[in-house]
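The structure under discussion appears below in the form of structure tokens.
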Amino acid sequence: MQLTERIRIYPTQEQEDVLWYLSERCRLIYNFALAEREREWILNNLRADFELFPWGEPYYEVDMKKQQNELPKTKEKYPKYKAVYSKVLQMAIRTLNADYNSFFEQRKNGDLNAHPPGFKGKDHFTTMMYNQSGFSIKGQEISLSHFYNEVPLVFELLRKYDKVYQVNVYQKKGKYYLGIVHEVPEKPYVDNGLYQAIDLGVTKTATAINTQGKFYETSNSRPDQYWNPKVDAIQARRDHCIKGSKHWHRLNRAKNKLTSKCSNQIKDIQHKLTRKMVDNTKANTIIVGDLDVKEMAQSKNTKLSKKAKKSLNRSTQNNGYLSQFVGFLTYKAALIGKKVIEVDERYTSKKCYVCGTKHDMPLWKRTMECDCGNVIGRDRNSAIFIMLRFLSQNAMWSGYQQFVDNLRKTGLMLPKQAPSAYS
Ligand SMILES: [Zn+2]
């Protein structure tokens, strides 16, 4: 499995100068390549059909391959670019291509707010990617190739790595980092007959049930509820300014700072929580509800009120946090020989797991009370349902029976429907 590790580096003034010089070449290449693609777009009058592109993505004659192939010529004409290791320049063009692709993808998903990539301003430190080559690691020291001057770009690593695929050099808030994409051995997965089903909720972070019928619930910490009102307030102030003005920029920076504080806190909590969840279960198979992005479809409808737009943004944001959670869970599990499987979570919080009756369950309704006598927390119902669905979809009948027996032992009601009703 490939993981990326972030390492802070402390370049000397001389090294910093080199990094900026190289980054500047990459930035200009990115901008030139972008200008070329934009020009082609205008020449072909593609902009007119921009909103729809019913045939799929606009066709480009100037594509990544062509632009990369022209790099040697550019270097002959403008020798300054020879300072950068060739693959790094190629990767700058690749980044542009990726930016375009993600833009097309967003448009296809109906997000009309998506913008095509823009030019990078002169203060922008362009991330430099050393892909497969251009760097060498000796012990705990990494050295990055460049041909600008004699100053070596050598930095200290914190540990040794088995196999490094790529090294990204980037800057964030004036600090420099290396992103080391490296190989981490996975432990082979063995199905040990124990399962844990997790319902990822909005109010509780996670409610899980295992094969033994025991619940595990994580208490809820919501930094976003603390930060969101503050973000809203500053955003409202920003929106009263003239867009692009000095004051607007100042408020925008302040807003971004709060947003990133919030998402960092959430990230931190999720890292710790997923680590605990993966370590503390005996189950080798962890089942989570599949989060589909149904909200995205709604954004096709452009005429939303401001309030509706905000709540939509918040719920997409929440989906983002949840899929980040699943991402952390998945790789942490794989490292220790466990596996995360996603199961369709449709109706799992609406249908009673005992009799299958569908209930109206608005978000504020925390308990499901069914006529069949089942009274249970909404998240717990969902977790049991996910477990039953997983077992029946995979025809694991002995596991199914075992789970049902354990539900009886813990005093929970037994499913009254045929197993196939859950899949
Ligand atoms: Zn029921």
Candidates K246, K82, K65: whichever shows maximal mean-square fluctuation once the chain is modelled as a Gaussian network with Cα springs under 10 Å: K246
The chain: relative contact order in percent, alpha carbon pairs under 8 Å with at least 6 residues between: 15 percent
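Mind checking Rg over Rh on region 84-161, alpha carbons, Kirkwood formula for Rh?
That ratio equals 1.12.
Pairs K172/K246; K66/K87; K80/K138; K108/K365; K77/K172: which are spaced more than 25 Å apart, C-alpha to C-alpha? Intermediate values should be presented prior to the final figure.
Working: K172/K246 22 Å; K66/K87 15 Å; K80/K138 29 Å; K108/K365 35 Å; K77/K172 32 Å.
Flagged as over cut-off: K80/K138; K108/K365; K77/K172.
Using a 10 Å cut-off on Cβ atoms, rank the peptides 208-219, 228-239 from the highest mean neighbour count down.
Working: 208-219: 18.2, 228-239: 14.3.
Peptide ranking by packing, descending: 208-219, 228-239.
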Nearby aspartates and glutamates by direct alpha-carbon distance to K282 (threshold 14 angstrom, same-chain neighbours under 8 apart not counted): D191
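So how do E141, E5, E40 rank on accessible area, 1.4 Å probe, biggest first, that is with the largest at the start? Mind dumping the intermediate values first?
Details: E141 90, E5 50, E40 20 Å².
These residues rank, largest area first, as E141, E5, E40.
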Angle between the chain longest axis and helix 378-393 axis [Cα atoms, degrees, rounded to 10]: 90 degrees
Rounded tilt (10° steps) of 223-239 against the dominant C-alpha axis of the chain: 50 degrees
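How high is the FRET efficiency from K272 to N69, r the C-beta distance, R0 45 Å, rounded to 0.05? If you can, show how the numbers build up before the last one.
Numbers: r = 47 Å, r/R0 = 1.05.
The calculated FRET efficiency here is 0.45.
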Amide H contacts of Y195 (H built 1.01 Å from N, under 5 Å, at least 5 apart or other chain): T211
Interchain or long-range residues, amide H under 5 Å from E70's placed H: none
Label-point gap, in nm, between E186 and R39 - each point 7 angstrom along Cα→Cβ: 4.6 nm
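Given the DSSP H assignment, sum -39500 (n - 2.57) over each helix run of at least 4 residues in the chain and divide by its residue total; what's the result at 222 nm in deg cm²/dmol, nearest 500? Before the final figure, lay out the partial values.
Details: 10 runs with 183 residues, N = 423.
So the helix-based figure for the chain works out to -14500 deg cm²/dmol.
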Spin-label proximity, R222 to region 254-279 - amide N less than 15 Å from point 7 Å beyond Cα toward beta carbon: 266
Value of relative contact order over region 2-183, rounded to a whole percent, pairs C-alpha under 8 Å and six or more apart: 34 percent
Label-point gap, in nm, between K243 and S315 - each point 7 angstrom along Cα→Cβ: 2.6 nm
Principal-axis tilt of helix 306-335 within the chain, Cα atoms, nearest 10 degrees: 90 degrees
Built amide H within the under 5 Å cut-off of E5, gap 5+: I180, V181, H182
Principal axis dimensions, largest first and in whole angstrom, of the chain by Cα: 79, 55, 42
The chain: Cys lacking any partner C-beta under 4.7 angstrom: C26, C241, C262
Pair E156, N280: separation of 7 Å Cα→Cβ label points (nm): 3.7 nm
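Scaled to the compact-protein estimate 2.2 N^0.38 Å, what is the alpha-carbon radius of gyration of region 2-183, rounded to two decimal places? Can you show the working numbers first?
On the way: Rg = 18.1 Å, N = 182, 2.2 N^0.38 = 15.9 Å.
For region 2-183, the normalised Cα radius of gyration comes out at 1.14.
The values are calculated or read from the model by the stated rules, or taken from the named source; none is laboratory data. Since the model is a prediction, treat every value here as computed from it, not as a measurement. Glycine also receives a Cβ, built like all others from the backbone with ideal geometry; neighbour counts cover every protein chain displayed. Side chains included, ligands, DNA and RNA excluded: accessible areas come from the protein's heavy atoms. Shrake-Rupley method; radii C 1.70, N 1.55, O 1.52, S 1.80 Å.
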